[in-house]
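All remarks here apply to the structure that follows.
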Amino acid sequence: MTELIKTYFWPIIGGLIGLLLAVLVITIGFFKTLVILIFIVLGITVGYYIQKSGILSNLFK
């Protein structure tokens, strides 16, 4: 079983993300789901920038 999961790890993750998006679209609607996804992408972008620039690590030293 673990060999199956190791072989198909990313397709399983992609399927779970697709399932989550489908549930979100069905329950809260397309545009609210789109707004949530936009905020997630913005959060990832800001977090990546903070990590690469070292702003917080310099601040807390």
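Can you figure out the FRET efficiency of VAL25 with TYR49, using R₀ = 35 Å and their beta-carbon distance, to the nearest 0.05?
Efficiency for this residue pair is about 0.75.
Roughly what angle does helix 9-28 make with the longest principal axis of the chain, taking Cα atoms, 0 to 90 degrees, to the nearest 10?
90
Can you give the accessible area per residue of the chain, in Å², using a 1.4 Å probe?
So the chain comes to 91 Å² accessible per residue, rounded to a whole number.
Within the accessible area of the chain, what % is carbon and sulfur when the probe is 1.4 Å and the other protein chains stay in place?
Working: 4350 of 5550 Å².
On the chain, the fraction of accessible area on carbon and sulfur atoms equals 78 percent.
Of the chymotrypsin sites (Phe, Trp or Tyr not before Pro) in the chain, which ones lie in a loop per DSSP and count no more than 14 other C-beta atoms within 10 Å?
Values: sites: TYR8, PHE9, PHE30, PHE31, PHE39, TYR48, TYR49, PHE60; in loops: TYR8, PHE60.
When the chymotrypsin sites (Phe, Trp or Tyr not before Pro) of the chain are filtered for loop state and at most 14 Cβ neighbours within 10 Å, TYR8, PHE60 remain.
To check my understanding: the extent here is largest minus smallest coordinate of the Cα atoms along each principal axis. What are those three numbers for the chain, in Å, largest first?
Sorted from largest, the Cα extents of the chain read 44, 38, 13 Å.
Enter the angle in degrees (range 0 to 90, nearest 10) between the Cα long axis of helix 30-53 and the first principal axis of the Cα atoms of the chain, meaning the one along which they spread out most.
With rounding to tens, the tilt is 40 degrees.
The values are calculated or read from the model by the stated rules, or taken from the named source; none is laboratory data. Being a predicted model, the structure only gives us computed values, none of them experimental. Here Cβ is always computed from backbone atoms with ideal geometry, including for glycine, and neighbour counts include all displayed protein chains. Just so you know, the surface numbers come from the protein's heavy atoms only, side chains and all, with ligands and any DNA or RNA stripped out. Shrake-Rupley method; radii C 1.70, N 1.55, O 1.52, S 1.80 Å.
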